[in-house]
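Structure record follows, encoded as structure tokens.
The values are calculated or read from the model by the stated rules, or taken from the named source; none is laboratory data. In this text the structure is predicted, and so the values were computed from the model without any measurement. In this analysis, Cβ positions are derived from the backbone assuming ideal geometry, glycine residues included, and neighbour counts consider all displayed protein chains.
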Amino acid sequence: MDRENVFGEGAVCRKKEDAEGNLTIMKKQLYGASEVSASIRRMAEAICREFSGGEGDLALVGIHKLGVPLAKMLEREIAAISGKHPEFGTLDITMYRDDFGDFSRLPAIQETEIPFDVNGRKLILVDDVFSSGRTIRAALDALTDFGRPGMIRLAVLVDRGEPEFPIRPDFAGFSLKVPSDHKIRLCFDPELEIYEIPTAEERAAVGNETSTPLK
Amino acid sequence: MKDLLFKNARIIDPVRNVDAKGDLGVSNGLIVEASEVKDATVIDLSGKVLTPGFIDIHVHLRQPGNSDAETVATGGAAAAAGGFTSIVAMPNTKPPADTVGAIELLRNMAKKSPVKVLPCGNMSVGGQGEAMAGIGSLKEAGIVALSDDGRCVQNHGLMRHIVEYAKAFGVPILDHCEDSSLAAGGVMHEGKWSVLLGFNGIPAAAEELIITRNVLLAQEINWRIHMQHVSTRESVNILRYARSRGIPVTGEATPHHLTLTDECIKKFDTNYKMNPPLRSEEDRQALIAGVADGTITVIATDHAPHTATAKEVEFDHAPFGIIGLETAFALCHTELVTKGVIDLPHLIRMMTAGPAEVLGLEDYSLRPGRPADLTIFDPAEEYVIDSSKFFSKSRNTPFNGRSVIGRIIMTVVDGKVVYQK
Amino acid sequence: MQWTRKDLLGLYDLSAEEITLILDTAEEFKKVSQRRVKKVPALRGKTVVNFFVEPSTRTRVSFELAEQRLSADVVNMQAQASSLLKGETLLDTVRNIEALQVDLVVMRHSAPGAQNFIARNLGCGVVNAGDGAHEHPTQALLDIFTMREKLGSVKGLQVAIVGDILHSRVARSNIWGLLKLGAQVTVAGPATLVPREFESIGVRVCHNLDEAIRNADVVNLLRIQHERQTADFFPSIGEYSKFFGIRPDTMKKLKPETLIMHPGPINRGVELAGEVADGKNSVILEQVTNGLAIRMAVLYLVAGCVQK
């Protein structure tokens, strides 16, 4: 395989150099801060359109970890557009996962905080990247243990479009097709961006002689 | 039986104060001058040490009653592998060795042992501590000592009469020193670790109280009382004081009390459960000091075999005791001699002349004309203890996998090689 | 911090970080019991056996409820140590349990270290629900959880544990956990039941109640067993209560916000007066509530590390 073309010609990549001078591609930026912000704003607008007139019933529930800060940003945008703050909650789905005992590292449980009555309410689940749909399946189980919501919708920043369950996002910032063994990550710090991580082998297969543009 | 000629050995003979390079002959089962052997098998012992055969005055052979754990034959084989040529069999068998018949049975079984098995009889009937055993008859049947080991006569009046009576028959007393009301329910040494681990403890005072009693009785009656497996600091101090006053008392230390402490129990391994229990580091150091200054004159193993089934249970429910015959010399040599606590002749004295003195055996030496009971070892060989290779039927040792220095390479009983590495 | 143990045998083995992880995890599990559906599917398909070789009601019920709220399948087994001695060995019994494809064994036993011995020999996870006078880790964790919840932090707290320390697994586990988290521990009670050896690990030992509780933030009272009196550890229950029981007038000697704790079951009028047990400083029932959360957290963490 052509080592330079992991991401395609001229990709903006971050590289890491180890002690022996070998380069490893760490990640490739897909979208920068302004593109991500604009996308979140568009999602907020779409949500407001769909739920116009009934914002009082609306609640955002961010799924740990990155769905939570994303939901926070959405909440601010919605408030800016509609003038009303939707209810806000956080959800950790670890206790509801379908692969308990299969993972090598037991994930730490984050705080679940649903400070409102979910019965009859319109809920929007928020997560950063939608891929298999398994996380959302678990989240639906978790949410319905709190009560009987009137409606649940799903908002994600990135839709990878490869669901393993019959679940689709209702609001998506970006639709992306990348190889299924690559990872897509949302990053808030030091700057807002969405980036792609190739497989470990692909990342290692970049030598000194093949320098691609560095950011 | 062919004559043997051991050449170029370092010969250590504590009774005659010999520690020199030389040769030694064996003919017709007896020690002879090297020049007197005829057509002998010559064995070069350059770099090796030859001593009188080791004596272990504290061995449980479990037969009759628990031959799953050990028999006289397997225990005897283990003794031979450990360099012992004579072992004293404790009487707490089933049935106990408190009758002439039991002693005759043991002497009969002893024919299957490669080493000499010296019977020890109970001092009280059944070892129950309630009535005096038939001491005179037992002596006639061939016992070399009296003991209720595993238990201890609690009634001081009875003990006094036993000592007085035994003296008249010339039988030494080996006592397991333990006050049962203080020790009741205990499974390990009472101290920091029993408190931290939540176990019922056996206080040091349980041993020290009876040692004190025995010192007073030995003084009053002027008869030898030997304290088995001395394990605490004050026991050593009391014994030191008594011996300085000329009271006829002696004491033995086991290799495990000299090398291990109660802290080992924090892993809940039942191979660290024995009675007396492993004591504190302070006690261990006092015991080592007692060995170094001659307060303790005997190394004895308290070889106590138990099957894996018996030991693979909760610590509380496991039987007391570990095996020791096949590890005793290497452990003591490693911990006492190579570390400079005592010199090699001193250790050999504690495994030969010391125990012989307790039993009243005269001239336990390499003098020509004596029975050729010999132990030969390589003081430099380092090896790792592997309990799967033991001759003993049991494997209950905490020392498996431990590195030691000093290996038994040959054991000779009455001129016959009974063990050879 | 990553949990890596398939067994929870005692707090002696754990680091401060591991203890904190359990407490943090328990905070989330505590909320589960406050929901409409008091149950999560985390341990769905896992089988847990509660193997109690010593009678227990409240600890077993707490574990059983915790297991059910994690959606595990639960089987209870009761045995007598004495009958185990006569017939099948403990190891054989537990190996038989494991052969039924059990994932976790929650075990209580009268012999210290019995669970350590079993855990060494089994592939399934083992949670210690009390082993003799050795450890009772989940009880100590729920005690510490309650202290942290009520007082914010455990570090620097003055905790007095009063009663039969010698025979108490609750005391030992509390001591290990509290010391690791930076609390100062005093143990108090009759001299026969409070060994001086605890000083060697940095615990203050005293035999006078007033002295023990003077600056305490927490007073944890242990149940006094009547059979200790017959074994000559102290003259009478009355005398015990007179010198070591907490009465309403004792409360005046405490700081106003001092927590009164007790692992239960309470001997009203012996370790503490009824008014104190029911009083405003008492968090005894909250301990019970928190016990459920702690046990859910422990079972969850341990089950995640059992190799299939």
Review point. Pick from C:216, C:231, C:212: which is aliphatic (A, V, I, L, M) and in contact with a Leu (Cβ under 7 Å, 6 or more places away or on another chain)?
Key: C:216
Exercise for review: Among residues belonging to region B:148-169 that are within 24 Å of the chain's Cα centre (by Cα) and within 20 Å of residue B:99 (Cβ to Cβ), point out the one that is surrounded by the most Cβ atoms within 10 Å (Cβ to Cβ).
Suggested key: B:148
Practice item. Check residue C:162 against each of (1) within 13 Å of another protein chain (Cβ to nearest Cβ); (2) under 27 Å from residue C:240 (Cα atoms); (3) touching a Phe, Trp or Tyr at 6+ places or on another chain (Cβ under 7 Å) and name the one condition it does not meet. Key: (1)
Review point. In this structure, does residue B:23 turn out to be more than 21 Å from residue B:82 (Cβ to Cβ), in a loop (DSSP other than H, G, I, E, B) and not assigned by TED's automatic domain parsing to the domain that holds residue B:80?
Key: no
**Study point:** Tally, over region C:168-209, of residues that are touching a strand residue (DSSP E or B) at 6+ places or on another chain (Cβ under 6 Å) and of a type in the set (Asp, Glu)
**Key:** 1
Practice item. Considering only region C:257-308, state which residues are assigned to a helix (DSSP H, G or I), of a type outside the set (A, V, I, L, M) and within 14 Å of chain A (Cβ to nearest Cβ). Key: C:300
Point to revise | region C:143-167: number of residues that are crowded, with 23+ Cβ neighbours inside 10 Å, touching a strand residue (DSSP E or B) at 6+ places or on another chain (Cβ under 8 Å) and not acidic (Asp, Glu) | key: 8
Study note, to complete from the structure: Checked pairs for region B:325-353, first in contact (Cβ under 8 Å) with a residue 40 or more places away in the chain and over 18 Å from residue B:55 (Cα atoms), second hydroxyl-bearing (Ser, Thr, Tyr) and part of a helix (DSSP H, G or I), C-beta under 8 Å and 6 or more apart or across chains, list as B:335/B:259
Exercise for review: Kindly check whether there is at least one residue in region B:189-196 that is buried (at least 23 other Cβ atoms within 10 Å of the Cβ), under 20 Å from residue B:61 (Cβ atoms), in contact with a helix residue (DSSP H, G or I) (Cβ under 7 Å, 6 or more places away or on another chain) and not polar (S, T, N, Q).
Suggested key: no
Review point. Could you list, in sequence order, the residues of region B:286-301 that are within 20 Å of residue B:329 (Cβ to Cβ) and of a type in the set (A, V, I, L, M)?
Key: B:287, B:288, B:291, B:292, B:296, B:298, B:299, B:300
Practice item. Provide a single number: the residues in region C:223-239 that are at pLDDT 90 or above and farther than 18 Å from residue C:171 by Cα. Key: 6
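To keep it simple, each residue is scored yes or no on (1) under 21 Å from the mean Cα position of the chain (by Cα); (2) part of a helix (DSSP H, G or I); (3) within 11 Å of chain C (Cβ to nearest Cβ); (4) without any contact (Cβ under 8 Å) to a residue 24 or more places away in the chain.
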| residue | (1), (2), (3), (4) |
| --- | --- |
| B:174 | yes, no, no, no |
| B:177 | yes, no, no, no |
| B:186 | no, no, no, no |
| B:194 | no, yes, yes, no |
| B:199 | no, no, yes, no |
| B:205 | no, yes, no, no |
Exercise for review: Confirm whether residue C:62 is under 24 Å from residue C:284 (Cβ atoms), among the polar types (S, T, N, Q) and touching a residue at least 24 places away in the same chain (Cβ under 8 Å).
Suggested key: yes
Check your understanding: So, in region A:93-142, of the ones that are crowded, with 18+ Cβ neighbours inside 10 Å, touching a strand residue (DSSP E or B) at 6+ places or on another chain (Cβ under 7 Å) and assigned to a loop (DSSP other than H, G, I, E, B), which residue ends up farthest from the other protein chains (Cβ to nearest Cβ)?
Key -> A:121
Practice item. Return the residue satisfying two criteria in turn: it lies in region A:143-159 and is small (Gly, Ala, Ser) and more than 19 Å from the chain's Cα centre (by Cα), and of such residues it is surrounded by the fewest Cβ atoms within 10 Å (Cβ to Cβ). Key: A:150
**Study point:** Output for region C:175-222, where each listed residue is more than 13 Å from every other protein chain (Cβ to nearest Cβ), in contact with an Asp or Glu (Cβ under 7 Å, 6 or more places away or on another chain) and not in a loop (DSSP other than H, G, I, E, B)
**Key:** C:220, C:221
**Study point:** Count of residues meeting criterion [part of a helix (DSSP H, G or I) and either over 15 Å from the mean Cα position of the chain (by Cα) or more than 12 Å from chain A (Cβ to nearest Cβ) (or both)] in region C:11-22
**Key:** 6
Exercise for review: Filter region C:32-42 down to the residues that are more than 7 Å from chain A (Cβ to nearest Cβ) and touching a residue at least 24 places away in the same chain (Cβ under 8 Å), then identify the one that is surrounded by the most Cβ atoms within 10 Å (Cβ to Cβ).
Suggested key: C:32
Revision key, fill the gap. Counting only helices (runs of 4 or more DSSP H) entirely within region B:255-346, those with at least 2 residues that are more than 30 Å from residue C:131 (Cβ to Cβ), more than 19 Å from the chain's Cα centre (by Cα) and more than 14 Å from every other protein chain (Cβ to nearest Cβ) are B:281-292
Exercise for review: Identify all residues within region A:160-201 that are modelled with pLDDT under 90, part of a loop (DSSP other than H, G, I, E, B) and among the aromatic types (Phe, Trp, Tyr); write none if there are none.
Suggested key: A:188
